[in-house]
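The values are calculated or read from the model by the stated rules, or taken from the named source; none is laboratory data. Keep in mind that this is a model prediction, so the values were computed, not measured. So basically every Cβ, Gly included, is an ideal-geometry build from the backbone, and we count neighbours across all protein chains shown. Side chains included, ligands, DNA and RNA excluded: accessible areas come from the protein's heavy atoms. Shrake-Rupley method; radii C 1.70, N 1.55, O 1.52, S 1.80 Å.
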Amino acid sequence: MSITDTQRPTAAYEERRGRLETYFDRTALDAWAQLTSDAPVSRIRATVRAGRDSMRDTLLSWLPQDMRSTCLFDAGCGTGALSVVAARRGARVTGVDVSASLIKLANERAPKDVAPGSIDFGVGDMFDPRFGRTDYVVAMDSLIHYPSAEILRVLGAFAARTDRAILFTFAPQTPALSLMHAAGKLFPRADRAPAIEPVSEAAIRRGIAASSAFAGWKIGRDARISSGFYMSHAMELVRA
């Protein structure tokens, strides 16, 4: 897989992206807005909220406390919680999501104590090279809906335009997660997440090691967060 190949999304990627856009804009906006706020939620969603909070804290702990003079690309930024913390540390943040509704929420929730112009929230595809070079990329739970081959393609595209580190998460292929997905089909539609693709951690590691797209990169820290119906695995790629 060459760098040129990884910069081109496949038809399968675009089809899945379109379904995610529809889900967040038309089906689950109210539920997602509630989940990412302090509003009361069901016990199921409370475990997801707690897991997401823990994952966000983990990824932020892998970023510098002082991010002045650096740029961060928040790929699949959702309502912008991670972007806000990075901006408060001094980073110039570009937050991108396929959902116009989530970007609208991100702009509405952006706090007034963040320096004007330090965050740019916009609708777009994280694959798009028009976003240019950056120091850091964070893709928190924005790749969990794709199979490993597509995850590697996206990461390869990030690697071509990132100078310091890429932090990303994927849904780990475990018996527990498979059981949770099967059980999740029994719950009301309002409590269901979009289709998640469990992938093998070993496959991700092998793909990174084998691809020329990651020449000059190495795998750094990793962590797995499990909270009720939330399970996600974080991994760090750093410039060697």
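The string of couplings for the stretch 207-215 from the Karplus curve (6.51, -1.76, 1.60, θ = phi - 60°) is x, 5, 5, 8, 9, 5, 4, 10, 4 Hz, one whole number per residue in order, with x for Gly and Pro. Figure note: Trp32, Trp217 ranked by solvent-accessible area, largest first, 1.4 Å probe, ligands and nucleic acids not counted: Trp32, Trp217.
Legend: calculated FRET efficiency, Arg133 to Asp66, from the Cβ-Cβ distance at R0 = 25 Å, rounded to 0.05, equals 0.80. Put simply, the amide H of Val199, placed in the peptide plane, has neighbours under 5 Å in Ala171, Gln173, leaving out anything fewer than 5 places away on its chain. Considering only Cα atoms, the convex hull volume of the chain works out to 114 Å³ per residue. By a 1.4 Å probe calculation restricted to protein chains, Arg224 has an accessible surface near 110 Å², given to the nearest 10. Separation of the stretch 61-129 and the stretch 214-232 by C-alpha centroid, Å? Centre-to-centre distance over Cα atoms comes out at 21 Å. With the simple spin-label model, which puts each label point 7 Å out from Cα in the Cβ direction, the Glu201 to Glu15 separation comes to 3.1 nm.
The residue list Tyr230, Ala195, Trp32 was ranked by how far each Cα lies along the charge dipole of the chain toward its positive end, using unit charges on Cβ atoms, and Tyr230 comes out on top. When the solvent-accessible area of the chain is split by element, carbon and sulfur atoms take up 53 percent of it, the probe being 1.4 Å.
Only protein heavy atoms count here; on that basis, with a 1.4 Å probe, Glu15 has an accessible area of about 100 Å². For the chain, the dipole from Cβ point charges (+1 on Lys and Arg, -1 on Asp and Glu) about the Cα centre works out to 240 debye, to the nearest 20.
Roughly speaking, what is the stretch gain from Asp120 to Arg88, that is 0.36 nm per residue apart minus the C-alpha to C-alpha distance, in nm to one decimal?
10.2 nm
Entry note, the chain: the mean residue ellipticity at 222 nm calculated from DSSP H runs of n ≥ 4, each adding -39500 (n - 2.57), is -11500 deg cm²/dmol after division by the residues and rounding to the nearest 500.
Per residue, the accessible area of the chain comes to 46 Å², computed with a 1.4 Å probe over protein heavy atoms only. Every Cα-Cα pair of the stretch 65-147 was included, and the share exceeding 22 Å stands at 17 percent.
Classification of the stretch 27-97 by its C-alpha gyration tensor yields a prolate form. The axis ratio a/c (a ≥ b ≥ c) is 1.5 or more, and a/b outweighs b/c. Arg109 contributes about 90 Å² of solvent-accessible surface, heavy atoms of the protein only, 1.4 Å probe.
Across the stretch 45-57, computed HN-Hα scalar couplings (Karplus, 6.51 cos²θ - 1.76 cosθ + 1.60, θ = phi - 60°) run 5, 5, 5, 5, 4, 4, x, 5, 4, 5, 5, 4, 4 Hz from first to last residue, x flagging Gly and Pro.
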